[in-house]
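Trainee: Before we start, here is the structure in question, set down as C-alpha coordinates.
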Amino acid sequence: MLISKNSAVYFHYSLSDETGNVIDSSTEGKPLPYIQGHNNIIPGLEKAMEGKASGEVMVVTVEPKEAYGERQDQMVQQIPRSSFQVEDMKVGMRFEATTPNGAVSVVVTDLTEKTVTVDGNHALAGKKLTFDIRITEVREATKEELAHGHVHGPGGHEH
Ligand code: ZN
(Lines give C-alpha, C1' and ligand atoms only; values in the text may rest on other atoms or scores of the structure.)
Protein backbone atom coordinates (compact mmCIF):
# COMPACT_ATOMS: atom_id res chain seq x y z
CA MET A 1 0.00 0.00 0.00
CA LEU A 2 1.01 3.61 -0.55
CA ILE A 3 1.43 6.13 2.23
CA SER A 4 -1.69 8.23 2.78
CA LYS A 5 -3.47 9.79 5.76
CA ASN A 6 -3.60 7.35 8.70
CA SER A 7 -0.88 5.03 7.36
CA ALA A 8 1.50 3.72 10.00
CA VAL A 9 4.94 4.10 8.42
CA TYR A 10 8.35 2.80 9.49
CA PHE A 11 11.46 4.34 7.99
CA HIS A 12 15.20 4.60 8.39
CA TYR A 13 16.70 8.04 8.09
CA SER A 14 19.91 9.92 8.23
CA LEU A 15 19.57 13.67 8.80
CA SER A 16 22.26 16.09 7.69
CA ASP A 17 22.61 19.87 7.69
CA GLU A 18 23.68 22.14 4.83
CA THR A 19 27.35 21.37 5.36
CA GLY A 20 26.72 17.62 5.10
CA ASN A 21 27.22 16.94 8.80
CA VAL A 22 25.07 14.06 9.98
CA ILE A 23 23.01 15.40 12.90
CA ASP A 24 20.83 12.43 13.65
CA SER A 25 19.84 9.02 12.31
CA SER A 26 17.56 6.11 13.10
CA THR A 27 19.08 3.54 15.39
CA GLU A 28 20.63 0.52 13.65
CA GLY A 29 17.92 -2.08 13.01
CA LYS A 30 15.20 0.15 14.46
CA PRO A 31 13.25 2.23 11.96
CA LEU A 32 11.31 5.23 13.22
CA PRO A 33 7.53 4.74 13.20
CA TYR A 34 4.97 7.52 12.71
CA ILE A 35 1.39 8.02 11.54
CA GLN A 36 0.91 10.00 8.32
CA GLY A 37 -1.26 13.09 8.68
CA HIS A 38 -0.89 13.48 12.47
CA ASN A 39 1.98 15.96 12.72
CA ASN A 40 4.26 13.25 14.15
CA ILE A 41 7.05 14.42 11.83
CA ILE A 42 7.93 17.80 10.27
CA PRO A 43 5.56 19.03 7.53
CA GLY A 44 8.15 18.93 4.72
CA LEU A 45 8.96 15.30 5.38
CA GLU A 46 5.31 14.30 5.70
CA LYS A 47 4.61 15.88 2.27
CA ALA A 48 7.50 13.97 0.70
CA MET A 49 6.26 10.69 2.20
CA GLU A 50 2.74 10.99 0.75
CA GLY A 51 2.16 8.35 -1.96
CA LYS A 52 5.42 6.47 -1.37
CA ALA A 53 5.64 2.70 -0.82
CA SER A 54 7.55 0.33 1.43
CA GLY A 55 11.06 -0.24 0.09
CA GLU A 56 11.37 3.21 -1.49
CA VAL A 57 14.56 5.15 -0.98
CA MET A 58 14.72 8.93 -1.38
CA VAL A 59 16.63 12.06 -0.47
CA VAL A 60 14.46 14.94 0.75
CA THR A 61 15.67 18.48 1.40
CA VAL A 62 13.41 20.54 3.63
CA GLU A 63 13.52 24.33 4.02
CA PRO A 64 13.35 25.74 7.59
CA LYS A 65 9.73 26.88 7.21
CA GLU A 66 8.70 23.27 6.45
CA ALA A 67 10.96 21.93 9.22
CA TYR A 68 11.58 23.59 12.60
CA GLY A 69 10.92 27.18 11.47
CA GLU A 70 13.22 30.18 11.19
CA ARG A 71 15.33 31.29 14.13
CA GLN A 72 13.64 34.06 16.10
CA ASP A 73 15.84 36.72 17.68
CA GLN A 74 13.30 37.41 20.42
CA MET A 75 13.79 33.83 21.62
CA VAL A 76 17.31 34.83 22.72
CA GLN A 77 17.26 36.68 26.04
CA GLN A 78 19.63 37.98 28.66
CA ILE A 79 18.46 37.24 32.17
CA PRO A 80 20.03 38.49 35.40
CA ARG A 81 22.12 35.72 36.89
CA SER A 82 20.49 36.39 40.26
CA SER A 83 17.18 35.02 38.95
CA PHE A 84 18.67 31.52 38.66
CA GLN A 85 18.93 29.29 41.72
CA VAL A 86 21.82 27.41 40.13
CA GLU A 87 25.29 27.56 41.68
CA ASP A 88 27.32 25.97 38.93
CA MET A 89 25.94 27.56 35.76
CA LYS A 90 27.51 26.38 32.52
CA VAL A 91 27.11 27.12 28.81
CA GLY A 92 25.07 24.29 27.28
CA MET A 93 22.82 23.75 30.32
CA ARG A 94 19.12 23.37 29.54
CA PHE A 95 16.24 24.83 31.52
CA GLU A 96 12.48 24.88 31.27
CA ALA A 97 11.45 28.52 31.00
CA THR A 98 7.90 29.64 31.67
CA THR A 99 6.68 32.09 29.03
CA PRO A 100 3.29 33.57 28.12
CA ASN A 101 3.16 30.81 25.45
CA GLY A 102 3.82 27.99 27.91
CA ALA A 103 6.94 26.07 28.87
CA VAL A 104 9.91 26.41 26.52
CA SER A 105 13.17 24.51 26.68
CA VAL A 106 16.05 26.99 26.59
CA VAL A 107 19.78 26.46 26.40
CA VAL A 108 22.43 28.66 28.02
CA THR A 109 24.57 30.12 25.22
CA ASP A 110 26.63 32.74 27.08
CA LEU A 111 27.51 33.72 30.63
CA THR A 112 28.89 36.80 32.32
CA GLU A 113 29.18 37.59 36.01
CA LYS A 114 25.83 39.40 35.90
CA THR A 115 23.86 37.88 33.06
CA VAL A 116 22.90 34.58 31.52
CA THR A 117 22.05 34.44 27.80
CA VAL A 118 19.47 31.80 26.98
CA ASP A 119 18.21 30.69 23.57
CA GLY A 120 14.71 29.20 23.26
CA ASN A 121 14.97 28.43 19.55
CA HIS A 122 14.74 24.78 18.53
CA ALA A 123 18.27 23.48 17.92
CA LEU A 124 17.35 22.87 14.27
CA ALA A 125 15.49 26.18 13.72
CA GLY A 126 16.75 28.10 10.67
CA LYS A 127 18.39 25.02 9.20
CA LYS A 128 17.81 23.49 5.82
CA LEU A 129 17.68 19.76 6.49
CA THR A 130 18.44 16.84 4.20
CA PHE A 131 17.01 13.42 4.97
CA ASP A 132 18.18 10.16 3.41
CA ILE A 133 15.12 7.98 3.75
CA ARG A 134 14.44 4.28 3.36
CA ILE A 135 10.84 3.22 3.97
CA THR A 136 10.67 -0.25 5.52
CA GLU A 137 6.96 -0.79 6.26
CA VAL A 138 3.60 0.77 5.48
CA ARG A 139 0.35 -0.46 7.01
CA GLU A 140 -2.99 0.89 8.20
CA ALA A 141 -2.77 2.39 11.67
CA THR A 142 -5.03 0.62 14.17
CA LYS A 143 -8.04 2.39 15.72
CA GLU A 144 -6.17 2.59 19.00
CA GLU A 145 -3.09 4.10 17.37
CA LEU A 146 -5.24 6.72 15.63
CA ALA A 147 -6.97 7.56 18.91
CA HIS A 148 -3.57 8.05 20.58
CA GLY A 149 -1.96 9.74 17.57
CA HIS A 150 1.14 7.53 17.61
CA VAL A 151 2.35 4.07 16.62
CA HIS A 152 2.30 1.23 19.16
CA GLY A 153 4.61 -1.80 19.40
CA PRO A 154 8.32 -2.20 18.64
CA GLY A 155 9.92 1.20 18.03
CA GLY A 156 6.69 2.99 18.99
CA HIS A 157 4.90 3.45 22.28
CA GLU A 158 4.83 0.41 24.54
CA HIS A 159 1.66 0.72 26.57
ZN1 ZN B 1 -0.62 5.03 22.69
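Trainee: Can you give the net charge of the other residues whose Cβ lies under 9 Å from the Cβ of PRO31, counting K and R as +1 and D and E as -1?
Mentor: Within the 9 Å Cβ shell, the charges total +1.
Trainee: While we're looking at this one, here's another question. At a 1.4 Å probe radius, which order do SER7, SER83, SER26 fall into by accessible area, largest first? Can you show the working numbers first?
Mentor: Working: SER7 0, SER83 70, SER26 20 Å².
So the residues, ranked largest to smallest area, are SER83, SER26, SER7.
Trainee: Looking at the stretch 15-159, what % of its DSSP beta bridges pair antiparallel, to the nearest 5? Present the calculation step by step, with values, prior to reporting the outcome.
Mentor: Numbers: 26 of 27 bridges.
The answer is about 95 percent antiparallel.
Trainee: While we're here: With springs only between Cα atoms under 10 Å, which of PHE131, PHE95, PHE84 fluctuates most in a Gaussian network model of the chain?
Mentor: Comparing PHE131, PHE95, PHE84 in the GNM, the peak value goes to PHE84.
Trainee: Hey, what's the chain come to in accessible area per residue, 1.4 Å probe, Å²?
Mentor: I get 61 Å² per residue for the chain.
Trainee: Report ³J(HN,Hα) in whole Hz for each residue of the stretch 108-124, in order, from the Karplus equation J = 6.51 cos²θ - 1.76 cosθ + 1.60 where θ = phi - 60°; Gly and Pro get x.
Mentor: Ordered by residue, 3J(HN,Hα) equals 6, 10, 7, 9, 10, 4, 9, 10, 10, 9, 10, 10, x, 5, 4, 4, 9 Hz.
Trainee: With θ set to phi - 60° and the Karplus curve 6.51 cos²θ - 1.76 cosθ + 1.60, what are the ³J(HN,Hα) couplings of the stretch 68-84 in order, to the nearest whole Hz, using x for Gly and Pro?
Mentor: My calculation for the stretch 68-84 gives 9, x, 7, 5, 10, 4, 6, 7, 9, 9, 9, 10, x, 4, 5, 7, 9 Hz in order.
Trainee: Is the C-alpha gyration tensor of the stretch 77-159 telling us rounded, prolate or oblate? Criteria: a/c under 1.5 is rounded; beyond that, a/b larger than b/c is prolate, otherwise oblate.
Mentor: Values: a/c = 3.28, a/b = 2.27, b/c = 1.45.
In terms of gyration-tensor shape, prolate.
Trainee: With a Cα-only, solvent-free Debye model of the chain, what are the log10 I(q)/I(0) values at q = 0.19 Å⁻¹?
Mentor: With no solvent term, the Cα-only Debye profile gives -1.14.
Trainee: GNM on the chain, C-alpha springs below 10 Å: top fluctuator among GLY69, GLY29, GLY37?
Mentor: With Cα springs under 10 Å in the chain, the top fluctuation among GLY69, GLY29, GLY37 is at GLY29.
Trainee: Under a 10 Å cutoff between Cα atoms, tell me which one of ILE35, ILE135, ILE79 has the largest fluctuation in the Gaussian network model of the chain.
Mentor: For the chain, modelled as a Gaussian network with Cα springs under 10 Å, the answer is ILE79.
Trainee: Counting only protein heavy atoms and a 1.4 Å probe, tell me what percentage of the chain's accessible area is made up of carbon and sulfur. Don't skip to the answer; put the middle values down first.
Mentor: Numbers: 4860 of 9730 Å².
With neighbouring chains kept in place, the figure for the chain is 50 percent.
Trainee: Can you give the local net charge around GLU87? Use residues other than it whose beta-carbon is closer than 15 angstrom to its beta-carbon, Lys and Arg +1, Asp and Glu -1.
Mentor: With Lys, Arg at +1 and Asp, Glu at -1, the neighbours total 0.
The values are calculated or read from the model by the stated rules, or taken from the named source; none is laboratory data. Worth saying up front: this structure is predicted, and the values here are computed from it rather than measured. Heads up, the Cβs are rebuilt from the backbone with ideal geometry, glycines too, and the neighbour counts pull from every protein chain shown. Ligands, DNA and RNA are stripped out before the accessible areas are found, and what is left, the full protein with its side chains, is counted by its heavy atoms. Shrake-Rupley method; radii C 1.70, N 1.55, O 1.52, S 1.80 Å.
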